Structures are given as C-alpha cells and as structure tokens.
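Below: one structure, written as structure tokens.
Bear in mind that the values in this text are calculations on the coordinates, not laboratory data. Keep in mind the model is a prediction, meaning the values are calculated, not measured. A quick note on method: Cβ atoms are made from the backbone with ideal geometry, for glycine too, and the neighbour counts reach across all protein chains shown.
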Amino acid sequence: MTGLTLRLDAARWRMHLQTVAGATPGLVPVAKGNGYGYGLRRLALEADTLGVDTIAVGTADEVAEVRDVFGGSIVILTPWRPGDELATELAEDPRIITTVSRVADLEALTDLNSDPRVLLEVLTSMCRHGIFPDELRRVRPHLEHVRFEGWTIHLPLLDDGRYAEAERLGRAALEAAQGTLWFSHLPPEDVIAVGRQLGGAGSAAVPTRLRLGTRLWLGDPSSRASTATVLDVHRVKRGQRTGYRQRPVWADGWILVIAGGTSHGIGMEAPTPASSVRQRAISVATGSLAAAGRALSPYTVNGKKRWFLEPPHMQSSLVFLPSKETPPAVGEEVPVELRLTTATADRIIED
Ligand SMILES: *Cc1c(COP(=O)(O)O)cnc(C)c1O
C-alpha cells in the first residue's frame, strides 16, 4: 500500500502516557481536531485506559467521536454560544461540561437549561475567549442555576510571566467564586504550586486540573516513525522545465514524486519559532535558496532532508535530488517528518 504511514510503538507510547499521567495530578487529556494525528477515538480510548475521569474535546461536534469509548466526563473547550443547537442539547447531558466565556452567555444558557455543568473561562493575555478579570464577580447571581465545575485559564505558550499570570487570574477568579482552577500550558509543578499558594498558608490547596494535549500525546517522538512511498523517479537536466509551474530545474538530478501532499497537511506545518529563526539564518547565509523560493521538504532521502521542487500537490510532492545521489526505487519508503497537529497519515500501524 502506498501513501503516508505512521508507525506507532504502542508499548512505548503507553509507557510515556502513564509517566506523564503519573506526574500530572488532575490531568485532563485533550483530544481535539485531527486527534494529534492519531484520531479522536484512539485518544479517547487511551484516556479511558489511563483511568482519568475527564477528557476535553475542542467542539460539540467532536463529542460523538469520543463518548462511546470514554466513560467519564467530557469538557467542550469551545465556549458555548446562543444558537448552537448541538452544544445546547449537549449541555443537558450530565457527562458534558460546557465552557462559558461571557456573562451574557451564562445568563442565556441558564434560561435554556436546568443545572448544566459549567466551566467559566477567564480572559488571559492570549485574548482569545473569556470574561474580563474585573467582570468576574458578575457571574455570581447565575451560579446557583448551574453545577459550577470551576474556572478555566488558558495561558499562552511563552514561559515568561506565565506563573505570575496564572496566580493573578486564579486569585481574581477565586475572589469571585470558589472552585477548581483548570489550567493549560503550565508545568504540573507550577499548577500544584499555584494551588498551594492560592489556598493560603495553613489551608488546603485550591483544587486544580491541568489540560494536556501536545505534551501528552506527542511528547515522546521515539514512540513513532512516519514514512512516505516513493511513487515515481525521473531524471532531469538543469534548466529543464518541470512541475505545475514549469520552472526550470536548478541543477542536473532527479525528481522524486513522493506520497503526501496538501491533503495530508504536508507543507502546511505550523512554523515553530525555533525553526523559523534557524530557517531565516540559513536563508541569510545561503541567500540564493530563499531568493529562489525554495522550501525544505519534510522528506529525508539518503540521510538528508531534500528541497521541494515546487509547493506540494494535493496527494503527492515533487522533491529534488542532485545527480550525484543514487535515487530510491519506486515503491521504496522514505522517512517523512510529520507535524502531527497539522498532518494526517493515510494509515497508522501499531507495532
Ligand atoms: C488545545 C487546548 C489545550 C491543549 O493544548 P496543547 O498545547 O496541545 O497541550 C488546552 N486547553 C485549551 C483551552 C485548548 O484549546
């Protein structure tokens, strides 16, 4: 079978999941979007096996994919809005925890639903969703009409000032109403420390939970390997026009047609700050490569990442190999680096 293959060393993966779960009190695994490359159902199953009592999905639509395999509570991370019929219906379900990020929405939801389980979102420096810290007290009159599950605080990824923000917002939230603090993007030890600090000297720690997606599911790269099938190999001459764009090739060599394209998320990787800095440095150093609009592909051939000949097609990519190299045979599998938050393989094989 040709295509993009993701091999999962399941035993190794599960060991990693257990290690993270063991070090993260109050862990809430996040299973959303493309399921971090593994699919929502698989993640929900693993979360069930881990024995956690709660998972989080991104949207109301995703609930259906996880609810049969995960037995506990399910948080919907996207805040509830009036007019969303599915989310409103789900808010009636005792297994569902609905996120609410505006005071008016809390009022509207309590008009429609009796006793929904609700998490209230606090606006952080992310400026995505949430109630302004100085408006948090306005939720109070509505809390008697909900099962209040706590406050959710979604922090930016930067380390700088994160702990201070978690503490400041946690304090503001608890002043408005006592409840569990649900964090993301904070190291487990910081979550525990914030809980202790906000509990105050001599008192019990404030209950906390920590949502984890990327670091849980993708935190052990050695548990997976991905490959792509070489679909075709063509010898080309320097200056020969090739590809959709009919641009001249920059040197003698080979065009490798390799499985994996935009439909898999190839070439659409979310840039990481580290790689873009490095990439920029490389572009400055080499000048011509950036000027020629060349992009490094995620495919490794003969031990090296190779350049795209042009942007990836829907299901395959054209990659250039210099003439001094021996090209792979058609049908061979070559390593491909998949950023699993944006890429999806054709098949996952558990070893
Ligand atoms: C996606 C998401 C997470 C998980 O983020 P990772 O970076 O994958 O750990 C946690 N909390 C919220 C609110 C999210 O939307």
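Quick notes on this one:
- Span from the the stretch 293-343 Cα centroid across to the the stretch 40-84 one, whole angstrom: 36 Å
- For the chain, the longest principal axis of the alpha carbon atoms and the long axis of helix 162-176 meet at an angle near 30°.
- The mean sequence distance of close C-alpha pairs (under 8 Å, at least 6 residues apart), as a share of the length of the stretch 1-146, puts its relative contact order at 14 percent.
- Across the stretch 104-112, rounded Karplus estimates of 3J(HN,Hα) from the backbone phi angles (6.51 cos²θ - 1.76 cosθ + 1.60, θ = phi - 60°) give 4, 5, 5, 5, 5, 5, 6, 5, 8 Hz, Gly and Pro being marked x.
- Distant-in-sequence amide contacts of Thr208, defined by a placed amide H-H separation under 5 Å and a gap of 5 or more residues or a different chain, comprise Leu181.
- Selected from Leu186, Leu143, Leu27 as most flexible by GNM, with the chain as the system and alpha-carbon contacts under 10 Å: Leu143
- On Cα atoms only, tilt of 188-199 relative to the major axis of the chain in degrees: 20 degrees
- DSSP bridge pairs, the chain: antiparallel proportion in percent, nearest 5: 45 percent
- Dipole size of the stretch 31-217 about its Cα centre, with +1 on Lys/Arg Cβ and -1 on Asp/Glu Cβ: approximately 420 debye, rounded to the nearest 20.
- Percent RCO, i.e. relative contact order, over the chain, from Cα pairs under 8 Å lying at least 6 residues apart: 19 percent
- Mean ellipticity per residue at 222 nm, deg cm²/dmol - from DSSP H runs of n ≥ 4 across the chain, formula -39500 (n - 2.57): -7500 deg cm²/dmol
- Angle of helix 10-23 to the longest C-alpha principal axis of the chain, folded into 0 to 90 degrees and rounded to 10: 30°.
- Three-way shape call for the stretch 76-119 based on the alpha-carbon gyration tensor, with the a/c threshold at 1.5: rounded
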